[in-house]
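Quick notes on the structure that follows.
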Amino acid sequence: QKEVEQNSGPLSVPEGAIASLNCTYSDRGSQSFFWYRQYSGKSPELIMSIYSNGDKEDGRFTAQLNKASQYVSLLIRDSQPSDSATYLCAAYNTDKLIFGTGTRLQVFP
Amino acid sequence: DVKVTQSSRYLVKRTGEKVFLECVQDMDHENMFWYRQDPGLGLRLIYFSYDVKMKEKGDIPEGYSVSREKKERFSLILESASTNQTSMYLCASSGALEVVSYFGPGTRLTVL
């Protein structure tokens, strides 16, 4: 069974703090990894993609990939209340995306 | 910008009805997907298609069928709706050489 696992949360952080979201995957054949943000009642939107080991930064977001440990993370710096959402991790293998169940992030003022 | 649209945002149907959910994308994408999303279960793939008239079963195809007669349109069909098909249905598309999927706004289906 190919799986992507995330802690469901909620993860609560104060405004301005760094939020750290984590994800593990079971299939070593997974090639590419994605983070989607989903606001309540809305559809997922892509915020980050990462394909090779290491860090990838885009604005306040940093994605980290460690294929040896089968671990993906998303760091959100200077968290804002508008970042409050569910964050879905996804792994691509062969022909489709496998999604985790998501981590709910709450940023309080 | 990629645009994926779905025919309805909210739909209420009765048990046993035939239900059509339609999805249209305007980016000439080859790949299209139907997911359902339920609390605690995440996104689960129902069916996908790599080309016109092609379809592949996903992880939970039972009770569903699909149709792709045109490249831009992918329909999900519930032949005889049941209450356990009450869910949020999400359509997505991606290009042939990219793995990123872009989602439509979703259809929240309630089967009474």
Extension gain residue B:84-residue B:13, at 0.36 nm per residue separation less the Cα-Cα distance, in nm?
-> 24.3 nm
Computed about the Cα centre, the charge dipole of the stretch A:1-49 from +1 Lys/Arg and -1 Asp/Glu charges at the Cβ has a magnitude in debye, to the nearest 20, of 100 debye
Counting all Cα-Cα pairs in chain A, those more than 16 Å apart amount in percent to 54 percent
Pairs of Lys in the protein assembly as shown closer than 19 Å at Cα, counting only those 8 or more apart or on different chains | 18
Within the stretch A:10-35, backbone nitrogen closer than 19 Å to the virtual label 7 Å beyond the Cα of residue A:56 toward Cβ = A:20-35
³J(HN,Hα) across the stretch B:20-27 via Karplus (A = 6.51, B = -1.76, C = 1.60, θ = phi - 60°), whole Hz, x for Gly/Pro?
-> 10, 10, 10, 9, 10, 10, 10, 10
Whole-Hz Karplus ³J(HN,Hα) for the stretch B:99-111, in order, using 6.51 cos²θ - 1.76 cosθ + 1.60 and θ = phi - 60°, x for Gly and Pro?
-> 9, 5, 9, 10, 9, x, x, x, 10, 8, 9, 10, 10
In the stretch B:11-112, the GluC sites (Glu not before Pro) that sit in a DSSP loop and have at most 10 other Cβ atoms within 10 Å of their own Cβ are B:62
Mind jotting down the distance between the C-alpha centroids of the stretch B:35-51 and the stretch A:37-109, whole Å?
-> 18 Å
Residues whose placed amide H lies under 5 Å from that of residue A:47, excluding near-sequence neighbours = A:35, A:36, A:37
Computed over the stretch A:49-109, Cα set: Rg, Dmax in Å | 12.9, 42
Which of B:74, B:20, B:33 fluctuates most in a GNM of chain B (C-alpha springs under 10 Å)? That residue is B:20
Starting from the amide H of residue A:9, placed 1.01 Å from N in the peptide plane, find each other amide H under 5 Å away whose residue is 5 or more places distant or on another chain.
-> A:104
Convex hull volume of the Cα atoms in the protein assembly as shown, per residue, in Å³?
-> 120 Å³
So how strong a dipole does chain B carry about its Cα centre when Lys and Arg Cβ are +1 and Asp and Glu Cβ are -1, to the nearest 20 debye?
-> 400 debye
Toy charge model, Lys and Arg Cβ at +1, Asp and Glu Cβ at -1: the stretch A:1-85 dipole around Cα centroid in debye, rounded to 20, equals 180 debye
Under 5 Å from the placed amide H of residue B:66, counting only residues 5+ away or on other chains, we find B:77
In nm, give the distance between the simple-model label positions of residue B:28 and residue A:7, each being 7 Å from the Cα along the Cα-to-Cβ direction.
-> 4.6 nm
Chain A, relative contact order in percent, only Cα pairs under 8 angstrom and at least six apart counted = 38 percent
For residues of A:94-101, the mean tally of beta carbons on other chains within 10 Å | 6
Computed over chain B, the Cα gyration tensor eigenvalues, each multiplied by 5 and square-rooted, give semi-axes in Å (largest first) of 22, 14, 13
Inter-label distance for residue A:39 and residue B:41, nm, one decimal - labels placed 7 Å from Cα along Cα-to-Cβ = 2.7 nm
Farthest toward the dipole's positive end in the stretch B:1-65, which of B:4, B:23, B:65, given Cβ charges of +1 (Lys, Arg) and -1 (Asp, Glu) about the Cα centre?
-> B:65
Out of A:36, A:18, A:8, whose Cα points farthest toward the positive end of the dipole of the protein assembly as shown (charges: +1 Lys, Arg; -1 Asp, Glu; placed on Cβ)?
-> A:8
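A short reminder: the numbers here are calculations on the coordinates, not readings from a lab. Please read these numbers as outputs of a predicted model, since none were measured by experiment. As a convention, Cβ positions derive from the backbone with ideal geometry for all residues, glycine included, and neighbour counts pool all protein chains shown.
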